[in-house]
Structures are given as C-alpha cells and as structure tokens.
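The structure appears right after this line, and notes come after that.
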Amino acid sequence: MDKLVIRGGNALSGTVTVDGSKNGALPILFATLLAEEPVTLRNVPRLVDIRTTVRILGGLEAEVQEDGDKLSITTPNEGSVTAPYELVRRMRASVCSLGPLLARRGRAIVSRPGGCAIGDRPIDLHLKGLAALGAEIRSRQGYIEATAKRLRGTTIFLSGPFGSSVLGTANIMMAACRAEGVTMIEGAACEPEIVGLADFLIKLGVPVEGAGTPTVRVEGVDSIGGADYTIPPDRIEAGTYVIAGAIAGGDVLVENCVPGHLRSLIDILTRMGVRLEIGDSSIRVWGATKIEPIDIATLPYPGFPTDLQAQLMALMCRADGIGLITEKIYPDRYMHIAELNRLGARIRKEGPTAIIHGGQPLSGADVMASDLRASASLVLAALIADGITEVHRIYHLDRGYVNMERKLSALGADIRREYDETGV
Ligand code: EPU
C-alpha cells in the first residue's frame, strides 16, 4: 500500500485550488440514473470514490464517457437493477443507487453497506422513506430489494436520533422525482450537497423547492430529460486546506471555494485567533502564532461539519490549553486520536467528547490512516511534527482528496508519496 512520507517544519505559503465536491458529485452521479437524455457533468473530482460510482453505473448499463473532469452519461430505460457487494462495500454512498434505480426501473437490488471505521451507519431512514413512497422492501442475503410499479408522493418525516440524513434525503428526493404527485420531506438535511442535488434535478426538469431548508418539496414528473451541470467546489477539501494554513502557514490562499459553506469553520478559527481574509470565492489564512483552545461540537449544517472534526483536532493540538470537541453525528469517529497521540499529542476520549491538551510538542512517527478525514488530520499534524512521519494506508485519502501531496508540496510542504510496487 502507498504511504506518505512527510518531514515536518516547513511553513506553507502560496495558492491552492479546490476541486469539485466529492459528496456533491456522488448523489448527482446516481441521479443520472433518472435521466432519459444524455447528461454532462463537469468539475467532477478525479477520486477513487468517483471511479467506484462509475463502475456501479456501468454495471447498471449506463454508458459513461470520461474526458478529464467531464463525464458524459447516458442511461437506458432497461437494464440490470443490481448494485453488487463487491462495489458497494467500498463506498457507503452506493446506497444512493436505491432511490433513482427504483424510480426508473421499478426495482433495485442493492447490497447492504457494511460496517465502517467511523462507527455505526444505519440506513433505516432511507428504507423508511422509500417504504413511505410505496416501495415494497425486502432484505435477504445481505441485499436490499425494493420494488414498486409506481411510487406515490406523500409527506415523510426523515430525521433520526442523530438529526437529518444527507444521503437519506438525497435518496428520497431522487425516488420522488418519478413518483405520482408531490412528496414533502420534513426533517430534510440542509447541507449544500442537497442544494446542489436539487439544482441538478431542476436542470433535469423536475420541480424541486425548499432545498437547503428542513422541508423539501419534490413534484413527480412522467419523463426526465438530460442536463449539463457543473459540480460545485468541495467545502471539506477547502476547509482542510484552510486548517492546514492555520496549522503550518505562512500565508495560504485557498481559491475556488464557497466561503458561505464554511461559516462555522470561519467562526471557530476566528475565535481561536487565526487571521483570515474572506473573498468572494477564496479564503486567505495566515499561520497563527498563538492558538486559543476552544469547546465545539459537530452538528448538521450549518453547524460545524463532522467531516472537518479530525482536521480541527490536529490544529487544537497546537492550542495553548485544553480544548474540547463533542462529536454529535458519529460519536465513535475518533480513530485518529490514538494515532495523533503516537505523534506526541495528549488527547483523551470521554464518551463522544475528545479532550485535547494542546501545546504538546509533536514528533514524527509511523501512523496508520483509518478513514478518509482521519488520514487528512494525520497529514496536517505531520506538517508540524518534528522529523519524519510516515502515514500508512493512504488509500483512504485517495477516496476524497485530489492530489493532496502535490497540492501541499506546491505550498512548500516536504511531502512525498512512496508507491508500493507490490500493490498490496
Ligand atoms: N443515520 C441514521 N439512519 C440513517 C442514516 C443516517 O440514524 O438511515 C444517522 C447516522 O448514523 C449519523 C447521522 O444520521 O449519525 C447523519 O448521517 P448521514 O446519513 O447524514 O450521513 P451520510 O449521508 O451517510 C454523508 C457524507 C459523510 C458525512 C455525513 C454527515 C457522503 C457521501 N457522505 O454521509 O461524509 O460525514 O454525510 O455530514 O455524502 C466523508 O466524506 O468523509 C463522509 C463520511
């Protein structure tokens, strides 16, 4: 397996450009299953998760042509309705094939996603929503089979014990596009990725209202056309580089982002004493000399995103004093604590809360990436650790960050990828 070798201590400076949003692109790729005409998607990030999705779409008989960051997709009416375990197990977002496939072909057989390093990730809300639309759901031999001659619009309350579900909302919105009548989703996720999906569905000719609020209205239609759509920038990638700048800048300009999607991060960093300059589509950040500790919680949008929790923890290791993070979306998403501690951090988990004793000197070590955002956090900590850190199992990083080592290296970091010739 490839690894990253990082020598800490270099100050970052320069400009880094953000790619298209992974979590924005994934549901939209599955939504192309609804379209009877060709779809063109632009600014699609070239990531492993996107490749996995393209393979799933290919298995469902979609014809996908790739040209750099542009994908052209045509999906016939008839074809396979199965998303196999072999692909679904690699990426939980594959569950988003259920809604559009069911709506388009009247049947969907999708492997139940398995366990995940960030904790329990149930799909009960997805299934509850589809059942409310009139789908018959069966679960057998690790697969979910959903059937419906024609879905029927209804009002669905979709929030669960941890609040709204991003992909659950996306799945039901997609299924509702071809349902008879109007579907109202109450307790919908408000994340920008839902707004992006709604914009795409509107381009396909489906009337969608209220995206970005807890009530989304989808009016089912009989036929769905094609569209040409540009994937918005990745707010989590942008946030990761803003935090990198705060940890190890220098003077870093993060461009091609939507600062409005990062209000909670901007507020938190400002309270920590980080100097920021907010542009229309950029955030400039200066490395902080003194960092104030802080007490924060992850929350659904517009709250602080769980997908930036691990990266912010790396920054909190530099704070003067004790900081707290409470994880309210995935209470067990703390695999990075033990690895940050290997670098010399002093962090203790107490239930869903991490207690970070900032100001401990970090020194390079071998560490293991456990999931995508945890990997990013280890890379950020390595930038300020004394000596060399080797981050192993970085295939997680490749699922969500386009060329991270090249982008950081261009900012002045001493970072290189060591390829594993054995391919293990
Ligand atoms: N939940 C349920 N039942 C469900 C679905 C979710 O109880 O049926 C719970 C989850 O266990 C969690 C909470 O609801 O406690 C929120 O989960 P959500 O469904 O919103 O997560 P998701 O849609 O599966 C997306 C992102 C994740 C991100 C979360 C939260 C994609 C592909 N994934 O997952 O991104 O952490 O929203 O914002 O969009 C990542 O990119 O690293 C990543 C994990």
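The values are calculated or read from the model by the stated rules, or taken from the named source; none is laboratory data. Everything numeric in this text was worked out from a predicted model, so none of it was measured. Counting neighbours? That spans all protein chains shown, and the Cβs are built from the backbone with ideal geometry, glycine included.
Quick notes on this structure:
- If the condition is being over 16 Å from Ile384 (Cβ atoms) and surrounded by fewer than 16 Cβ atoms within 10 Å (Cβ to Cβ), then the range 329-350 contributes Asp332, Ala338, Arg348, Lys349, Glu350.
- Of the listed requirements (1) away from the ligand (no atom under 16 Å from the Cβ); (2) buried (at least 16 other Cβ atoms within 10 Å of the Cβ), Glu37 misses just one: (2).
- The range 113-164: number of residues that are modelled with pLDDT of 95 or more, assigned to a loop (DSSP other than H, G, I, E, B) and more than 14 Å from the ligand (Cβ to nearest atom): 7
- Count - residues of the range 165-190 that are closer than 16 Å to Thr215 by Cβ, in a loop (DSSP other than H, G, I, E, B) and in contact with a strand residue (DSSP E or B) (Cβ under 9 Å, 6 or more places away or on another chain): 4
- Any hit, the range 319-328, residues being within 16 Å of the ligand (Cβ to nearest atom) and in a loop (DSSP other than H, G, I, E, B): yes
- Odd one out for Arg217 among (1) closer than 26 Å to Val88 by Cα; (2) free of Cβ contacts under 8 Å to residues at least 40 places away in the same chain; (3) in a strand (DSSP E or B): (1)
- Test: residue in the range 55-74 that is free of Cβ contacts under 8 Å to residues at least 60 places away in the same chain, within 16 Å of the ligand (Cβ to nearest atom), in the same structural domain as Gly129 (by TED's automatic domain parsing) and not in a helix (DSSP H, G or I): no
- Residues that are in a strand (DSSP E or B) and more than 25 Å from Asp420 (Cβ to Cβ) within the range 1-17 comprise Leu12, Ser13, Gly14, Thr15, Val16, Thr17, listed in sequence order.
- Selection status of Val195, of a type in the set (Val, Ile, Thr), surrounded by fewer than 23 Cβ atoms within 10 Å (Cβ to Cβ) and in a loop (DSSP other than H, G, I, E, B): no
- Unique residue being at pLDDT below 95, within 14 Å of the ligand (Cβ to nearest atom) and buried (at least 23 other Cβ atoms within 10 Å of the Cβ) when the list is Ala310, Ala369: Ala369
- Any hit, the range 378-400, residues being free of Cβ contacts under 8 Å to residues at least 60 places away in the same chain and touching a strand residue (DSSP E or B) at 6+ places or on another chain (Cβ under 9 Å): no
- Test result for Gly20, touching a residue at least 40 places away in the same chain (Cβ under 8 Å) and touching a Gly at 6+ places or on another chain (Cβ under 7 Å): no
- Qualifying residue in the range 82-98 (condition: modelled with pLDDT of 95 or more, within 16 Å of the ligand (Cβ to nearest atom), within 23 Å of the chain's Cα centre (by Cα) and not hydrophobic (A, V, I, L, M, F, W, C)): yes
- Restricting the range 233-273 to residues that are crowded, with 24+ Cβ neighbours inside 10 Å and part of a loop (DSSP other than H, G, I, E, B), the residue that is farthest from the chain's Cα centre (by Cα): Cys257
- Condition check for Arg140: among the basic types (Lys, Arg) and touching a helix residue (DSSP H, G or I) at 6+ places or on another chain (Cβ under 9 Å): no
- Residue match in the range 275-295 (condition: within 14 Å of the ligand (Cβ to nearest atom) and at pLDDT 95 or above): no
- Any hit, the range 173-189, residues being touching a residue at least 40 places away in the same chain (Cβ under 8 Å), surrounded by fewer than 18 Cβ atoms within 10 Å (Cβ to Cβ) and more than 16 Å from the ligand (Cβ to nearest atom): yes
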